[in-house]
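> Quick one: this structure, given as structure tokens, is what I'll be asking you about.
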Amino acid sequence: MSLLRLPIELQQRIISETIPESIENVAVTCRALYDASERYLEQHNSLRKRFRHFSFSTFNTSSGTWDNITAKTRIFVRHGIDLLMSIIHNPRIARYIETADLKAGFGRDNLMWDDNHVSHQPENTRRSPRLTKGEDIKALQQFLRESPYLKQIGEHPDFWEDMILEETYGHAEILLLSLLTNVRELALPTGWRKVGLRGQDLSGTGRDFAVWRVLDQIVYCANDPGFKGAGLSKLEILRPFAGSGYNCRNSMTLNTPFLALESLREAYIGGCVALEDGYTGLMFSPEYSSYSPRLEKLELVGCTFEAWEMRVLLSRMPNLKYFRFAYEAKWDACGMNYDSGEILNTIMECTGETLEQLSVWVMTKWGSMGSTLTDMRGFKRLRSLEIDGAMLMGPEFRKDHIEESKGDFNDAPLTSPIDEMAAPRLVDLLPPSLESLRILAEEEEDDDDERSPAQLAKCFRALFDGLSQRRQDRLPRLREIVLEVLEDDLDINLLKEIEAKGATVLLQEATQLQPDFVHDFYDRFGVTAERADVEEEEDDENDDEWEESEDEDNNGEFGDSEEDDSE
């Protein structure tokens with residue numbers, strides 16, 4: 001029987017099952033189906049506008065206005081529990097969400113005010129239970145009893161109910177992830193670090209194991225082709241929940257469940273530490289034996305890694321093509337000394353067969369930069385390289401000397417003495433596949449009062465030595481060489497020498513260089529670069545991941561999600 005011959009009531013019941021994915025296609029089929037669909041379209045358009053590119057409702061105290069999307073739709077979703085309950089009451093809402101910015105806090109910290117963006121709830125209620133309506137609590141209880149994620153691993157729903165209603169660690173947000181069946185881009189809550197690490201809950205409640213069991217189950221179901229409509233099964237892009245800065249430090253381990261999702265293609269991570277120094281570092285545990293085979297792009301900005309942790313991370317990414325890494329030391333000298341040669345060699349050994357673009361930059365040059373890798377020809381497919389010039393000014397990296405050099409590393413000077421510099425030539429250093437090279441270099445003064453202009457001069461003259469004669473046979477695809485330096489750092493005669501050998505020299509007027517991908521990271525994702533000289537209200541997360549922070553900074557919104565009104 002033709003759909004058009006059915007009674008209008010049956011047509012509308014059928015059409016209601018096409019919401020939200022296909023109702024627009026049905027409505028434009030013919031006039032009769034448009035008329036039958038019309039009763040649903042107004043609500044559909046409102047829900048799509050509010051939830052398709054989701055972020056929490058924010059109120060600007062200066063202008064006295066809500067964000068654009070909330071103002072247009074009048075749908076207020078202030079924090080994770082609001083979104084969870086909205087979906088529990090109307091499960092279709094989850095299917096509208098394609099990008100989700102959950103950065104506006106975690107647990108009941110979502111109810112905090114700040115000067116520009118505030119929640120819809122007074123500050124004096126932020127420590128009280130958020131669900132008080134009987135129908136909401138009953139709906140939550142039913143949801144927890146029926147959740148396949150809790151059932152399959154034997155989690156008790158009463159435990160999760162208590163955690164959601166009475167504490168601040170974001171259990172609602174964790175369960176919310178299991179409902180995001182169509183989400184393709186995700187930014188975790190700013191307070192995601194409060195999830196903590198497996199086995200490190202000092203309270204004795206066992207909530208850390210409960211949380212990680214659910215996260216494990218979300219990963220398992222998302223990767224299981226037989227589990228239809230699994231939460232996060234379509235996730236392609238992981239956005240950062242933090243930026244960078246002296247005090248911006250989160251465990252890299254907290255990102256691992258999302259890296260393990262087989263649908264993931266791109267990961268952008270800020271302000272994470274994977275370094276175990278027995279003091280201020282944060283241990284990295286990979287948690288999963290492999291990460292997404294589809295993961296091709298990784299950006300780490302404002303992150304602190306040692307070579308072992310970098311190897312553990314990258315060895316689980318078999319098809320990585322694009323890697324951008326901006327290293328940053330953290331408070332109390334965490335990661336101050338950094339062996340760039342060992343790190344680059346580790347990256348090469350783990351990704352040399354697949355990597356096509358590589359950018360490496362050191363944001364904080366407070367300690368020794370370590371050694372210089374003098375042979376990057378292990379990158380078999382590398383087409384584009386952007387590198388911090390300071391990485392090319394150390395002594396030669398020798399793999400057989402790694403362990404014996406560790407003892408002297410912490411006391412090494414910022415820059416290597418001139419007579420100990422490896423000073424590699426580009427024709428010996430670079431792989432023949434390379435098409436574009438960009439070097440960013442700025443001068444520093446080391447503890448021996450030996451000015452780095454001399455270091456720069458030796459480094460650059462060595463790099464370009466023999467390039468004119470050997471470029472065609474050693475680097476046949478190299479079409480672009482760009483040297484970017486601060487305006488006053490390069491002698492005019494040296495500049496002319498370099499330009500005569502085929503390089504483009506860019507003189508910057510700024511006081512500090514920074515690669516474009518770092519600027520883009522902040523702009524694209526709405527995260528911030530915290531200033532090192534601004535004292536942050538400390539919450540001692542390193543000493544006790546489970547200690548509740550009363551004054552956590554909750555800044556870092558994406559900004560309003562906007563959608564073309566024509567949609």
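> In the stretch 374-387, is there at least one residue being within 20 Å of the chain's Cα centre (by Cα), of a type in the set (Phe, Trp, Tyr), assigned to a loop (DSSP other than H, G, I, E, B) and over 23 Å from SER416 (Cβ atoms)?
No: the stretch 374-387 contains no residue that is within 20 Å of the chain's Cα centre (by Cα), of a type in the set (Phe, Trp, Tyr), assigned to a loop (DSSP other than H, G, I, E, B) and over 23 Å from SER416 (Cβ atoms).
> Give me the residue from the stretch 473-498 that is assigned to a loop (DSSP other than H, G, I, E, B) and touching a residue at least 24 places away in the same chain (Cβ under 8 Å) and, out of that set, farthest from the chain's Cα centre (by Cα).
Ranking the candidates gives ASP491 first.
> In addition: From the list ARG316, ARG311, pick out the single residue that is closer than 23 Å to LEU429 by Cβ and of a type in the set (D, E, K, R).
Only one candidate passes the filter, namely ARG311.
> Give ASN60, ASN25, ASN116, ASN90 a once-over and let me know the one that is modelled with pLDDT under 60 and in the same structural domain as LEU177 (by TED's automatic domain parsing).
Exactly one residue qualifies, and that residue is ASN116.
> Now a separate question. Condition check: crowded, with 17+ Cβ neighbours inside 10 Å, more than 24 Å from ASN255 (Cα to Cα), touching a residue at least 60 places away in the same chain (Cβ under 8 Å) and in the same structural domain as SER433 (by TED's automatic domain parsing). Does LYS365 satisfy that?
yes
> Looking only at residues that are touching a Ser or Thr at 6+ places or on another chain (Cβ under 6 Å) and part of a helix (DSSP H, G or I) in the stretch 317-362, which one is modelled with the lowest pLDDT?
So the residue we want is ASP332.
> Does ARG311 satisfy the criteria of being of a type in the set (Lys, Arg) and in a strand (DSSP E or B)?
The answer is no for ARG311.
> To continue, here is another question. For the stretch 321-335, which residues satisfy the criterion of being under 14 Å from CYS303 (Cα atoms) and under 22 Å from the mean Cα position of the chain (by Cα)?
Once the filter is applied, which keeps residues that are under 14 Å from CYS303 (Cα atoms) and under 22 Å from the mean Cα position of the chain (by Cα), the stretch 321-335 yields PHE323, ARG324, PHE325, ALA326, TYR327, GLU328, ALA329, LYS330, TRP331, CYS334, GLY335.
> Moving on. Take LEU314 and tell me if it is crowded, with 23+ Cβ neighbours inside 10 Å and at pLDDT 95 or above.
No.
The values are calculated or read from the model by the stated rules, or taken from the named source; none is laboratory data. Please read these numbers as outputs of a predicted model, since none were measured by experiment. With ideal geometry, Cβ positions are generated from the backbone for all residues, glycine too; neighbour counts draw on all protein chains shown.
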